[in-house]
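Let me begin by presenting the structure, written as structure tokens, before commenting on it.
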Amino acid sequence: MAWNQPGNNGQDRDPWGSSNNNGGNSSGNNKGGSNRGATDLDDLFRKLSQKLGGLGRNKGGDGSEQNSKFGGRLIGLAVAAAVVVWVVSGFYTIKETERGVVTRLGKFSHVVQPGLNWKMTFIDQVRAVNVESVRDLATSGAMLTSDENVVVAEMNVQYRVTDPAAYLFNVTNPDNSLRQATDSAVRGVVGKHTMETNLTEGRTVVRNDTQKVLEETIRPYNMGITVVDVNFQTARPPEEVKVAFDDVIAAREQKQQTIREARAYENEVLPKANGEAQRIIEDARAYKVSSVLNAKGEVASFAKILPEYKAAPEITRERLYIETMERVLSTTRKIIANEKSNNVLLLPLDQAVNDQAQVQQKASNSAAIKKVIHQSQSTQRPESNTYNSSNNSRDDTTRVGRP
């Protein structure tokens, strides 16, 4: 029986076309169950499409009311399902290192924090931006220095996104803009210094100046980027003149090494020299004190002798002379003799004493040899040949007198 067949009011069939007539349909199912099972699914979809298509027709009659109620129920279910799907599809997650930038109908709305969030599907769009990782940007090229030389420099910039909204919307391509600003800053700073400064001791200055210029350049654009560090990777001359510059750098390093060695030698010798100078100063001070004390002692001695000299000048003068000569001649082997002709003679007594000792040694050796010969010959000659060594000696007696 059809869905809206008159007389049944749709009560003897379920919404899917099954009949409540147990007799007819049961026998039919028993006889043709194998043929009907294959077409049940097609009949279901066909009847469902017919019912949905006939909701707007046949508004009169009991069958029309039943169709309207069923259709309204289906629409409600569909709308509820769509709402559930829409709500569920709006949930999303932002990672710990990211921030979500929400745009509503293409216009910036707000920034969401990490965690589970919800958005209106088809209305809101979310773009996740990493704000924790440090990004790298490298630039390099041949640049002209202030002394009109060409240097090949490479610079690396490390930066981090601190404002996701500004990073996405204030500049069309912030990474490209930062690259251009970096290239401009590097060329400007390198061009202010000489080639020697860029290649050697001025690398730190160039790096710091580049970072300052870069920060000042990007500040007006508000790109949401913070420069963390700027690294001066390499700076080298062109290949055509690289050998000459390598020689210059080697000579400069040799110079620094020589300076360090000289300073080390200075640190080693200077303390010794200072110590020696201090010792000499102390010795001089001690000699000064000793000389002063000796002079004071002599002054005191002459002060004691003065009364005696006044009482007996000749005797005192003779005694002083004798004491002086005794003190002087006791420390030397050379004696100054004063003859009547007032000629001063320097007598090398030490040499004379040495010569006398040698002559005496020779004489004793000769005497011993002769004695041995005499005993061996066993002669009866009287011992009349006495070797007199006094003939070979020299009278060294001198008369010492005052000049």
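Evaluation of residue 167 against the conditions (1) open to solvent by 40 Å² or more (accessible area, probe 1.4 Å); (2) of a type in the set (Ser, Thr, Tyr); (3) modelled with pLDDT of 90 or more shows that the sole unmet condition is (1).
Consider residue 310 carefully, then state whether it is modelled with pLDDT of 90 or more, exposed (fewer than 10 other Cβ atoms within 10 Å of the Cβ), basic (Lys, Arg) and out of contact with any helix residue (DSSP H, G or I) (no Cβ under 7 Å at 6 or more places or on another chain). If you could, list the steps in order and put the result at the bottom.
Details: modelled with pLDDT of 90 or more: no; exposed (fewer than 10 other Cβ atoms within 10 Å of the Cβ): yes; basic (Lys, Arg): yes; out of contact with any helix residue (DSSP H, G or I) (no Cβ under 7 Å at 6 or more places or on another chain): yes.
Judged against the criteria, residue 310 is not a match.
The set of residues in the range 137-155 that are surrounded by 15 or more Cβ atoms within 10 Å (Cβ to Cβ) and acidic (Asp, Glu) contains only 154.
Only one of the numbered conditions (1) surrounded by 10 or more Cβ atoms within 10 Å (Cβ to Cβ); (2) under 29 Å from the mean Cα position of the chain (by Cα) is violated by residue 267, and that is (1).
Of the residues that make up the range 138-150, is at least one assigned to a strand (DSSP E or B), within 21 Å of residue 93 (Cβ to Cβ) and touching a residue at least 12 places away in the same chain (Cβ under 8 Å)? No: zero hits.
In this structure, is residue 158 open to solvent by less than 60 Å² (accessible area, probe 1.4 Å), out of contact with any helix residue (DSSP H, G or I) (no Cβ under 7 Å at 6 or more places or on another chain), touching a residue at least 60 places away in the same chain (Cβ under 8 Å) and under 30 Å from residue 239 (Cβ atoms)?
The answer is yes for residue 158.
Please go through the range 76-134 and pick out each residue that is part of a loop (DSSP other than H, G, I, E, B) and either in contact (Cβ under 8 Å) with a residue 40 or more places away in the chain or charged (D, E, K, R) (or both). Full working, then the answer.
From the range 76-134, those part of a loop (DSSP other than H, G, I, E, B) are 90, 95-97, 105-106, 113-114, 119-123, 131-134; that's our starting set.
Hits for the range 76-134 are 95, 96, 119, 132, 134.
Here residue 217 fulfils each of the conditions (1) touching a residue at least 24 places away in the same chain (Cβ under 8 Å); (2) more than 23 Å from residue 133 (Cα to Cα) apart from (2).
The values are calculated or read from the model by the stated rules, or taken from the named source; none is laboratory data. None of the values given here were measured: they were computed from a predicted structure. Please note: Cβ atoms are built from the backbone with ideal geometry, for glycine as well, and neighbour counts cover all protein chains shown. Protein only, heavy atoms only, side chains kept; ligands, DNA and RNA dropped before computing areas. Shrake-Rupley method; radii C 1.70, N 1.55, O 1.52, S 1.80 Å.
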